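The values are calculated or read from the model by the stated rules, or taken from the named source; none is laboratory data. Please read these numbers as outputs of a predicted model, since none were measured by experiment. Don't worry about glycine lacking a Cβ; one is built from the backbone with ideal geometry, like all the others, and counts go over all protein chains shown.
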Amino acid sequence: MNIELRHLRYFIAVAEELHFGRAAQRLNISQPPLSQQIQNLEQQIGARLFARTNRNVQLTAAGMQFLTDARQIMQNVSSAADKAARLHRGDEGELRIGFTSSAPFISTVSDALFTFRQRYPGVHIRMQEINTRQQIAPLNEGRLDLGVMRNTPLSETLDHQLMLREPLFAVVHRAHRLAGRDMISVRDLDGEPLVFFDPQVGTALYSETMALLQRYAIHPAITQEAGEAMTILGLVATGMGVSILPASFRRARLEEVNWIPLQEQDAWSEVWLVWSKQREASAAMKHMKNLMLKTLS
């Protein structure tokens, strides 16, 4: 059986007009070829679809059933074509994004996500909070489309672009001896009890900050360890020690905590947008990349 979509269009036109001449005009073809195509369709199906007389054309029982199914098929084809077109444009689909705990506090990220939801409501965004190093495998395996992470060594299969470079701040309790200072040196924290990430968590911030302290010959006494930055802030707010965190976390306002800029020029952290080189980028992914990187354009 070799039934084509044009056979269905021809049949539907004749079934709705119940007149071969009017159906031919509607289809912008001549009547003889139309009659021939309908006959060919009936032969392939093995059933008469129309009862013809010299004066009128009527649908048979088989024709009425075939009309219902033919309309559904054409609707399905139209729907499939529309969905494919929407996916091609990036108006539909799914976007899987990995992000570090600091990402929601970064205005570039939050603004991009908000704008994307307004422009492309048909795209489902699946966000997964996961630290920088743990994003690498899912990006390579296709379980994540994009990753928002801190700077870290990447495999050759991944590409990245800088989203922003933000300063690191000293975070102290408001009653701390340094709380009233406008700016301090990282050396001013030498000997202070440090509240920081658990090294087993594997965050890039841990590596960055430890490298900063080592460059200035500071050997921190980490007295409290945590897996999340918000827990670190909470511990600093109780006076358990001081910490060093990126500026973006200042959006989590705690009255008990003061943020003090560090004067060292290398006291900063980079945030990257990362994706796989080996996987084709969907239109939705391209739209999100453009929004997240707009500050660089």
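Can you name the residue in segment 231-259 that is in a helix (DSSP H, G or I) and of a type in the set (S, T, N, Q) and is also farthest from ASP190 (Cα to Cα) among such residues?
Here is the first cut: in segment 231-259, the residues in a helix (DSSP H, G or I) are 231-237, 247-251.
Subsequent filtering for residues that are of a type in the set (S, T, N, Q) retains 231, 248.
On the way: THR231: 22, SER248: 24 Å.
So the residue we want is SER248.
Of all residues being at pLDDT 95 or above and crowded, with 17+ Cβ neighbours inside 10 Å in segment 161-179, which is nearest to the chain's Cα centre (by Cα)? Just the residue, please.
LEU168
Taking segment 1-35, which residues are in contact with a Leu (Cβ under 6 Å, 6 or more places away or on another chain) and aliphatic (A, V, I, L, M)?
ALA13, ALA15, ALA24
Which residue out of ASN40, ASN54 is modelled with pLDDT under 95, closer than 16 Å to ARG6 by Cβ and not hydroxyl-bearing (Ser, Thr, Tyr)? Don't jump to the end; show me each part of the working.
Details: ASN54 fails: closer than 16 Å to ARG6 by Cβ.
When all the criteria are applied, what remains is ASN40.
Count, please, the residues in segment 180-195 that happen to be outside any strand (DSSP E or B), surrounded by 19 or more Cβ atoms within 10 Å (Cβ to Cβ) and either of a type in the set (Val, Ile, Thr) or in contact (Cβ under 8 Å) with a residue 60 or more places away in the chain (or both).
So the count comes out to 1.
For segment 166-224, which residues satisfy the criterion of being acidic (Asp, Glu) and touching a Ser or Thr at 6+ places or on another chain (Cβ under 7 Å)? Steps first, answer last, please.
Start the filter on segment 166-224 by keeping residues that are acidic (Asp, Glu), which leaves 166, 182, 188, 190, 192, 198, 208.
Residues satisfying the conditions are GLU166, GLU208.
Run down THR115, THR132, THR53, THR68 and say which single residue is surrounded by 14 or more Cβ atoms within 10 Å (Cβ to Cβ), on the phi < 0 side of the Ramachandran plot and out of contact with any Ser or Thr (no Cβ under 6 Å at 6 or more places or on another chain). Before you say what the answer is, go through the steps one by one.
Numbers: THR132 fails: out of contact with any Ser or Thr (no Cβ under 6 Å at 6 or more places or on another chain); THR53 fails: surrounded by 14 or more Cβ atoms within 10 Å (Cβ to Cβ); THR68 fails: surrounded by 14 or more Cβ atoms within 10 Å (Cβ to Cβ).
Selected residue: THR115, the only one of THR115, THR132, THR53, THR68 that is surrounded by 14 or more Cβ atoms within 10 Å (Cβ to Cβ), on the phi < 0 side of the Ramachandran plot and out of contact with any Ser or Thr (no Cβ under 6 Å at 6 or more places or on another chain).
Scanning for something surrounded by 17 or more Cβ atoms within 10 Å (Cβ to Cβ) and at pLDDT below 90, does segment 229-242 turn up at least one residue?
There is at least one residue in segment 229-242 that is surrounded by 17 or more Cβ atoms within 10 Å (Cβ to Cβ) and at pLDDT below 90.
Tally the residues that are under 14 Å from the mean Cα position of the chain (by Cα) and of a type in the set (Gly, Ala, Ser), restricting the search to segment 89-109.
Going through segment 89-109 one residue at a time, the tally reaches 4.
Which of the residues that make up segment 72-100 are more than 27 Å from LEU5 (Cα to Cα) and surrounded by fewer than 19 Cβ atoms within 10 Å (Cβ to Cβ)?
Those that are more than 27 Å from LEU5 (Cα to Cα) and surrounded by fewer than 19 Cβ atoms within 10 Å (Cβ to Cβ): GLU94, ARG96.
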